[in-house]
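Asks: What follows is a single structure, and I will ask about it in a moment.
The values are calculated or read from the model by the stated rules, or taken from the named source; none is laboratory data. Just so it is clear, the model here is predicted, and its values are computed rather than measured. Methodologically, a virtual Cβ is constructed for each residue, glycine included, from the backbone with ideal geometry; neighbour enumeration extends over all protein chains shown.
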Amino acid sequence: MAVFFTSDTHFGHDAIIRLCERPFASADEMDEAIVAGWNEAVAPEDTVYHLGDFSFRNGRPRADYRCALNGTIHLIIGNHDKPLAEEDVRQFASVSSISEIRLNGKRLVLCHFPFREWHQCKRGSWHLFGHMHGRLDHAPLGYSLDVGVDSHDFRPWAFDEIAALFETRENPFAEKPGR
């Protein structure tokens, strides 16, 4: 079983194509591409943490999208996920505004919004976020990462891929000896 992270799919959101310069002609085309990329990466027994903005401003129920996607999905609420109806909540394994998990010996702080500093960052914890649609990719901050689809070929990123990336980075928050 693998664990994946993603954000900002914005299923059904026509305007996001223009706003984020996504390479799609329509929301239907975008949705099909994101579902295909998701299911190519994620197996039915895998776990996905979706860090917000799952779908937006369309008449199609979230359940339609959820049912098309592989994996057990935990939703961290984004600014476009409110309000969630009770039937929407039942589509996900969990729903929260922020989550802190431990995975393979690492502490991960998960939120839709990016933080400048997060719990245990001095000790090497990771912060995964969305919301920025790649606007912070040019200036990575230690062990933090925008996991949104705009930054990652419109598919979820595996824990192992993120770990390999973070191996190439230094932790600017690390406590200096003697401090």
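Asks: Scan segment 110-135 for residues that are surrounded by 17 or more Cβ atoms within 10 Å (Cβ to Cβ) and under 28 Å from Asn39 (Cβ atoms) and report the count.
Replies: 12
Asks: Taking interchain pairs and intrachain pairs at least six residues apart, which have beta carbon atoms under 9 angstrom, with the first residue in segment 112-127 and under 17 Å from Ala139 (Cα atoms) and the second surrounded by fewer than 14 Cβ atoms within 10 Å (Cβ to Cβ) and charged (D, E, K, R)?
Replies: His127/Glu117
Asks: Does Gly52 satisfy the condition of being closer than 28 Å to Pro23 by Cα, touching a His at 6+ places or on another chain (Cβ under 6 Å) and among the small types (Gly, Ala, Ser)?
Replies: yes
Asks: Of everything in segment 93-109, what is over 13 Å from Phe5 (Cβ atoms) and either surrounded by 20 or more Cβ atoms within 10 Å (Cβ to Cβ) or charged (D, E, K, R) (or both)? Give them in sequence order.
Replies: Correct list: Glu100, Arg102, Arg107.
Asks: Condition first: surrounded by fewer than 16 Cβ atoms within 10 Å (Cβ to Cβ) and within 27 Å of Ala164 (Cβ to Cβ). Now tell me which residues in segment 3-38 satisfy that.
Replies: Pro23, Ala36
Asks: Where residues in segment 23-38 are in a helix (DSSP H, G or I) and in contact (Cβ under 8 Å) with a residue 12 or more places away in the chain, which of them is nearest to Val149 (Cα to Cα)?
Replies: Result: Ile34.
Asks: While we're on this one: Within segment 7-22, count every residue that is aliphatic (A, V, I, L, M) and within 20 Å of Ile76 (Cα to Cα).
Replies: Matching residues across segment 7-22 total 1.
Asks: Only residues that are under 19 Å from His13 (Cβ atoms) and crowded, with 18+ Cβ neighbours inside 10 Å: list them for segment 136-170, please.
Replies: Matches in segment 136-170: Asp146, Val147, Gly148, Val149, Asp150, Ser151, His152, Phe154, Arg155, Pro156.
Asks: Here's a follow-up. If I filter segment 39-72 down to residues being small (Gly, Ala, Ser) and assigned to a loop (DSSP other than H, G, I, E, B), which single residue comes out as surrounded by the fewest Cβ atoms within 10 Å (Cβ to Cβ)?
Replies: Out of the qualifying residues, it is Gly59.
Asks: Select from segment 124-179 the residues that are within 27 Å of Arg22 (Cβ to Cβ), aliphatic (A, V, I, L, M) and not in a loop (DSSP other than H, G, I, E, B) and list them in ascending order.
Replies: Leu128, Leu145, Val149, Ala158, Ile162, Ala164, Leu165
Asks: Continuing with the same structure: Counting only residues that are hydroxyl-bearing (Ser, Thr, Tyr) and modelled with pLDDT under 95, how many does segment 34-90 have? Steps first, answer last, please.
Replies: Restricting attention to segment 34-90, the residues satisfying the condition of being hydroxyl-bearing (Ser, Thr, Tyr) are 47, 49, 55, 65, 72.
In the following step, the residues that additionally are modelled with pLDDT under 95 were identified as 55, 65.
So the answer is 2.
Asks: Six or more apart or on different chains, Cβ under 9 Å: which pairs go from a residue in segment 142-164 that's at pLDDT below 95 to one that's among the β-branched types (Val, Ile, Thr)? Could you list them?
Replies: Hits for this filter: His152/Thr6.
Asks: With the requirement that a residue be under 16 Å from the mean Cα position of the chain (by Cα) and not hydrophobic (A, V, I, L, M, F, W, C), what does segment 1-30 give you?
Replies: Thr6, Ser7, Asp8, Thr9, His10
Asks: Let me ask you something else. Could you list, in sequence order, the residues of segment 73-90 that are closer than 25 Å to Gly134 by Cα and surrounded by 12 or more Cβ atoms within 10 Å (Cβ to Cβ)?
Replies: Across segment 73-90, the qualifying residues are Ile73, His74, Leu75, Ile76, Ile77, Gly78, Asn79, His80, Asp81.
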